[in-house]
1. Would you mind ranking Lys197, Lys210 by Cβ crowding within 10 Å, fewest neighbours first?
2. Mind telling me which of Gly222, Gly267, Gly212 comes out most flexible in a GNM of the chain, alpha-carbon contacts under 10 Å?
3. Take His63, His114 and order them by how many other Cβ atoms sit within 10 Å, fewest up front.
4. State whether the stretch 207-286 is rounded, prolate or oblate according to the following rule on the C-alpha gyration tensor (a ≥ b ≥ c being the square roots of its eigenvalues): a/c under 1.5 gives rounded; otherwise a/b larger than b/c gives prolate, and the remaining case gives oblate.
5. Let me know the shape class of the stretch 97-184, please: from the alpha-carbon gyration tensor, a ≥ b ≥ c as square roots of the eigenvalues, rounded when a/c is under 1.5, otherwise prolate if a/b is greater than b/c, or oblate.
6. Treating the Cα atoms of the chain as identical point scatterers in vacuum, please give the log10 of the normalised Debye intensity I(q)/I(0) at q = 0.06, 0.08, 0.11, 0.14 Å⁻¹, two decimals.
7. Going by how many other Cβ atoms sit within 10 Å of their own, how do Phe220, Phe83, Phe243 line up, fewest first?
8. With +1 on each Lys and Arg Cβ and -1 on each Asp and Glu Cβ, how big is the dipole of the stretch 12-298 about its Cα centre, in debye rounded to the nearest 20?
Amino acid sequence: MQSRSPAGRLVLALALFAALALVPLLGPSNRLLSLAITAGINVVALYGLSVLFGQTGILSMGHAALVGVGAYTAAILARDFGFDFWTAIPFAAGTTALLAAVVGFPSLRVSGHHFVILTFAFGQLLTIVLTNGGDFTGRATGLDLGQPVSLFGLGLDPLPQFYLLTLGFVALSAVASWAIVNSSYGRTLRAIRENEKLAASLGINVGRHKIGAFVVSGVFAGVSGVLLAYFLRHISPNQFSSFPSIYLALMVMIGGARLLLGPLAGGILVAFLPEMFALDPVQSRILYGVCLIAVILLLPNGLIAGAIDGWRKLFAQRGRLSDGAQAERLPAAKAPASKAGG
């Protein structure tokens, strides 16, 4: 029962992260490490999206655009002001949070599929702005970052070191997400998700909390963008269009938006499935679509929630079978005693 508590799930998740920290010791190829880093960067953004979608019930199809704002903020600060990785993080997170508040404002008037279309358009609009931003945004070619990440004066350029750095941010994102979900603020967001009108009748400022959820998701996206910019060392507008946002939404829906390990599972599966089956980009998209349809029809709460439910049903069935077998043995054990008494 302990493991089912929120604290128990957090301990389990941190134990998993500790195991993932040992991956570089296994000597994986640079390609696998690069995929793992990319998955980890996505997972940081997914934890923010899980707060927005899983707790508040608002699905955004422009989340990759927020990641792009964080990435471009870091690149411009490094180019024009000489900011390093650590200095750029708070500025990028703040800038992205501010823009997320602006994007979240229309959620006060529109909802459902209308808001999904609106956020999709936001992703396309940002791509146009970045492409036509002149020298400030680097136009269609984008911007370069020549400055590596350093920690205590040591460069974190090799892949294993950047992998551990990314994993550290994934762990921090998981802890932050867990704290939000299990706080009074998280309970308020879930109340809005379950019944918005009832929540408003109880005195909850629904509009303020909706925008607040966007701001929180924007902070996660901004940090993810900084990681992505310093990992790739080059960013361009097409990396943050609406279609990468669809992939982020796909990841969070496949893994599950309401459980702590859901974003982690979704990010890893979407990153590594094409590698496991040696699929080309077209085949990968077909596989993603099939997985999404299967999850929506069979596991609407995601793979992790489905696995947990299946595990509980299995043990419940074993418990019933064990109780039934024990009940069958009891009369046989009592029969001789009743006969001797007669």
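Since every read-out is calculated from the coordinates, none of them should be taken as a lab result. Keep in mind it's a predicted model, so treat the numbers as computed, not measured. Don't worry about glycine lacking a Cβ; one is built from the backbone with ideal geometry, like all the others, and counts go over all protein chains shown.
1. Lys197, Lys210
2. Largest GNM mean-square fluctuation: Gly212.
3. His114, His63
4. Since a/c reaches 1.5 but b/c is at least a/b, the shape of the stretch 207-286 is classed as oblate.
5. Cα axes put the stretch 97-184 in the oblate bin.
6. -0.26, -0.42, -0.74, -1.16
7. Phe243, Phe83, Phe220
8. For the stretch 12-298, the charge dipole is close to 740 debye.
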